[in-house]
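Below: the structure, in C-alpha cells.
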Amino acid sequence: MDQQTILILHDSFDFMSHMKPQTMDMIFADPPYFLSNGGISTSGGKIVCVNKGKWDHVASFKEKHNFNLQWIKLAKKILKPNGTIWISGSMHNIYSVGVALEQNNFKIMNNITWQKTSPPRNLTKKYFTHSTETILWARKKSAHSHCFNYQQMCLLNNGQQMTDVWPIAAVPKIEKTFGYHPTQKPEFLLRQIVLASTNPGDYILDPFMGSGTTGVIAKKLGRQFIGIDQEKQYVNLAYRRIINTKKIESK
C-alpha cells in the first residue's frame with residue numbers, strides 16, 4: 001500500500017462529520033487546553049503570556065465540556081471497532097476529556113503521564129512546578145480486541161514491561177526548524193504512541209494537527225495520515241515539516 005499524507009485546512013468538527021464511518025485505526029488528538037486566561041509562563045528562559053489565540057479560550061466550563069463531548073462523539077463515529085484514541089491534555093482540560101470519553105461509551109485503558117524532564121519554572125511561587133501532562137488511551141466498549149504492540153514496547157524499554165509514566169524531554173530546537181507552535185509535542189512522544197497502537201499501513205487521524213508532529217511520525221513509520229487544522233499558518237508549518245521528512249523506519 002502506498003503511503004498517503006493528507007492535510008486539511010478546515011474546521012475539524014465539520015470535516016469529521018463528513019468522514020466515512022469506521023475508517024481510522026488510530027486517532028491522536030491534542031485539543032485546546034483552554035488555558036488562555038491572561039496568565040504568564042516561561043519559554044526559552046523568558047516570561048511570556050500564556051494566551052495562544054481565540055481557539056484556546058472558552059467562557060465557561062459548560063462551553064469547554066460541550067466542545068469535548070462533540071468532537072469525541074465525531075471521533076467515535078470514524079474510529080474502527082478495534083481502533084484506539086489517544087488524547088493529551090493538562091489539568092486545564094483533561095478531566096473534562098475523561099468524562100466526555102465515558103459519556104461517549106469509551107473504555108479508558110491507560111492514563112499515561114508524560115513526565116517532562118526539564119519543565120519551565122513556576123514563576124508565581126504559589127504552586128508546585130507543573131512538570132507533567134496526561135495522555136488518555138481509550139477504545140470503544142466492544143468485544144473487539146485493540147492493537148497493542150506489547151513486545152515492541154518491551155524492546156523500547158530494555159526488555160521490561162513499560163509503565164504508564166514516560167519521562168520525555170521537551171521539544172528540541174531541531175524539531176522547530178520550520179516554525180513555532182505553542183503546544184508542539186516532541187516526536188519521541190508520538191513515535192512511542194504510534195508504535196504502540198498501529199501497524200504499517202494503518203490510518204491515523206489528528207483532528208487538531210497543529211505543527212504536524214503526528215504526521216511527521218506517521219510518515220517516518222509508514223502509516224497513512226490525515227491531519228486537520230483551521231489555522232492556515234499551522235497547516236503550512238505541518239506541510240513544511242512533513243514534506244522534509246523521510247521514511248526512516250519500517251516497524
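Less than 5 angstrom separates the built amide H of L7 from those of G227, all sequence-distant by 5 or more or on a different chain. Sorted fewest first by neighbouring Cβ atoms within 10 angstrom, V99, V216 come out as V99, V216.
Exposed loop sites here are chymotrypsin sites (Phe, Trp or Tyr not before Pro) assigned a DSSP state other than H, G, I, E or B and surrounded by at most 13 other beta carbons within 10 Å; excluding them, the longest clear run of the chain is 1-126.
Among E231, E102, E63, which one moves the most in a GNM of the chain with springs linking Cα atoms closer than 10 Å? In this elastic network of the chain, the residue with the biggest mean-square fluctuation among E231, E102, E63 is E63. Taking 25 Å as R0, compute the FRET efficiency from the Cβ-Cβ separation of K62 and S131 and round it to 0.05. With R0 = 25 Å, the Cβ-Cβ based efficiency is 0.25. Going from the fewest other Cβ atoms within 10 Å to the most, the residues K185, K141, K173, K107 appear in the order K173, K141, K107, K185. Shown in residue order for segment 133-143 are the 3J(HN,Hα) couplings computed by the Karplus curve 6.51 cos²θ - 1.76 cosθ + 1.60 at θ = phi - 60°: 10, 10, 10, 8, 10, 9, 9, 5, 7, 8, 7 Hz (x for Gly and Pro).
Over 26 Å between C-alpha atoms is what I'm after, so list which of K80/K219; K76/K176; K125/K173 land there. All intermediate terms of the calculation are to be shown ahead of the outcome.
Working: K80/K219 21 Å; K76/K176 32 Å; K125/K173 28 Å.
Violating the 26 Å Cα-Cα cut-off are K76/K176; K125/K173.
The phi-based Karplus calculation (6.51 cos²θ - 1.76 cosθ + 1.60; θ = phi - 60°) puts the 3J(HN,Hα) values of segment 195-210 at 5, 5, 10, 9, 10, x, x, 5, 9, 10, 10, 10, x, 10, 4, x Hz, whole numbers, x for Gly and Pro.
Between the amide H of K107 and those of R139, K140, K141, distances stay under 5 Å, these residues lying 5 or more places away or on another chain, with hydrogens modeled in the peptide plane.
Laboratory data are not the source of any read-out in this text; all were calculated from the coordinates shown. Here the structure is a predicted model, which means the values were calculated and not measured. Virtual Cβ from ideal backbone geometry, glycine too; neighbours counted across all protein chains shown.
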